[in-house]
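The values are calculated or read from the model by the stated rules, or taken from the named source; none is laboratory data. Computed from a predicted model, the values in this text were never measured in an experiment. Here the Cβ is made from the backbone with ideal geometry for all residues, glycine too, and neighbour counts use every protein chain on show. Ligands, DNA and RNA are stripped out before the accessible areas are found, and what is left, the full protein with its side chains, is counted by its heavy atoms. Shrake-Rupley method; radii C 1.70, N 1.55, O 1.52, S 1.80 Å.
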Amino acid sequence: MNSSETVTDKLIINENWCKGCGICVKFCPKKVLTLENEKVKIVDIDKCIQCGQCELRCPDYAIYLRGK
Amino acid sequence: MPSAVVDKFFRTNKLPQIWCPGCGHGIITRAITVAVEKLGFDRDKICVVSGIGCSSRATGYLDFDTLHTTHGRALPFATGVKLANPDMKVIVITGDGDCTAIGGNHLIHACRRNIGITTIVFNNNIYGMTGGQYSPTTPKFDKGTTAPYGNIDKAFDISNLAASAGATYVGRSTAYHTNLLISLIENGLKNDGFSLIEAISSCPTYYGRKNKKGDAVNMLEWQKDHAVNISAASKMTPESLEGKFLIGEFKNSPEPEYTSEYQKIIDRFNKE
């Protein structure tokens, strides 16, 4: 399972659990995320302000803040 | 390794859950665990009971003492749990069909008794699991697989139904308004009597597709655009409230709780 985890300083993504609904992509206020092959991907982690909107509304618990 | 709250309160070996991509139920289920975490309740003193339906799958994923019961009968099972264990916090997870159609009578009587149960209704306006039949909360003229020309029944307003029937804490929020939802669940759990939190969910697969509401993202945006907080609504004109629905705390009026009243009778006879 760990092989499908994307770990950054600010966000962690578990691609195994992501169903590609796009909710986190849409409600991210800094446009940090995108969908690629129906999975969430980080476009620009430097823009992430760790507001937690993605984690709050991810129905699949596939994206969350690191260190919070 | 999932997030701390998911790791603590979910049976992570059962994840990913079975719900469709973008289903609001996953958001609401997590919101319940965040509320429990904020309150710092002892997990061993919480029992989560569900009925049948998409929403009721939640008990399979939550790592508490859980009961997945029969259709519409989550509240009777929960009543038994509460009467046998009055110190336990009992949470019922149910859907609009399970709670207000199959279990409708149980709902109004649980409200009337003011028994210490916090009921969270995942309202997605449709029977999702069985294939998109219209439910008691499908809006009038909206479609379901059993209402291909539009549903001609009026929809139940679950929050006002519960408040009228005697629930002592009632609130409504949406999957989009997650932080409000978490705070309503917290307040509901703090109330000793019967609390009902109506969580407006979204079903992109059936209700959304049948009624051309778009995808999961569009449905959350609809919630964002059409929900008005009850405190703001009092200052708005009827015209500006046209087509909107209210969210927020609808009722907070504590009254003596059922199992404590029951105990008083037991104590009276024990003295004699």
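Note on the stretch B:1-69: enclosed helices (runs of 4 or more DSSP H) holding 1 or more residues that are within 14 Å of chain A (Cβ to nearest Cβ) and surrounded by fewer than 20 Cβ atoms within 10 Å (Cβ to Cβ) are B:4-9, B:25-39.
The listed residues are B:T237, B:T205, B:T146, B:T174, and the only one of them that is hydroxyl-bearing (S, T, Y), within 14 Å of chain A (Cβ to nearest Cβ) and open to solvent by 20 Å² or more (accessible area, probe 1.4 Å) turns out to be B:T205. Counting only residues that are assigned to a strand (DSSP E or B) and touching a residue at least 40 places away in the same chain (Cβ under 8 Å), the stretch B:136-193 holds 7 of them. Looking across the stretch B:103-119, the residues that are open to solvent by 20 Å² or more (accessible area, probe 1.4 Å) and under 15 Å from the mean Cα position of the chain (by Cα) come down to B:H106, B:I108.
Would you pick out the residues in the stretch A:18-58 that are part of a helix (DSSP H, G or I), away from chain B (no Cβ under 13 Å) and in contact with a Leu (Cβ under 9 Å, 6 or more places away or on another chain)? A:I45, the sole residue that qualifies.
Matching residues to (1) farther than 28 Å from B:K143 by Cβ; (2) modelled with pLDDT of 95 or more; (3) in contact with a Phe, Trp or Tyr (Cβ under 9 Å, 6 or more places away or on another chain):
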position: B:I197; (1), (2), (3): no, yes, yes
position: B:N218; (1), (2), (3): no, yes, no
position: B:K224; (1), (2), (3): no, yes, yes
position: B:A227; (1), (2), (3): no, yes, yes
position: B:S234; (1), (2), (3): yes, no, no
position: B:P254; (1), (2), (3): yes, yes, yes
position: B:Q263; (1), (2), (3): yes, yes, no
position: B:K271; (1), (2), (3): yes, no, no
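Take the residues of the stretch A:4-17 that are of a type outside the set (A, V, I, L, M) and either more than 10 Å from every other protein chain (Cβ to nearest Cβ) or more than 19 Å from A:Q50 (Cβ to Cβ) (or both): which is surrounded by the most Cβ atoms within 10 Å (Cβ to Cβ)? Per the stated criteria, the residue is A:W17. Considering only the stretch B:194-207, I want to know if a residue exists there that is of a type in the set (G, A, S) and part of a helix (DSSP H, G or I). No, there is no match, as no residue in the stretch B:194-207 is of a type in the set (G, A, S) and part of a helix (DSSP H, G or I). Screening B:G248 against (1) more than 13 Å from chain A (Cβ to nearest Cβ); (2) open to solvent by 80 Å² or more (accessible area, probe 1.4 Å); (3) of a type outside the set (K, R) leaves a single unmet condition, (2).
Scanning the stretch B:239-272 for residues that are within 23 Å of B:S173 (Cβ to Cβ) and free of Cβ contacts under 8 Å to residues at least 12 places away in the same chain gives B:S240, B:E242. Selection of the stretch B:1-41 for residues being over 25 Å from A:V40 (Cα atoms) and at pLDDT below 95 yields an empty set. Would you tally the residues in the stretch B:185-202 being closer than 18 Å to B:E257 by Cα, of a type in the set (A, V, I, L, M, F, W, C) and open to solvent by 10 Å² or more (accessible area, probe 1.4 Å)? Total satisfying the criteria: 0.
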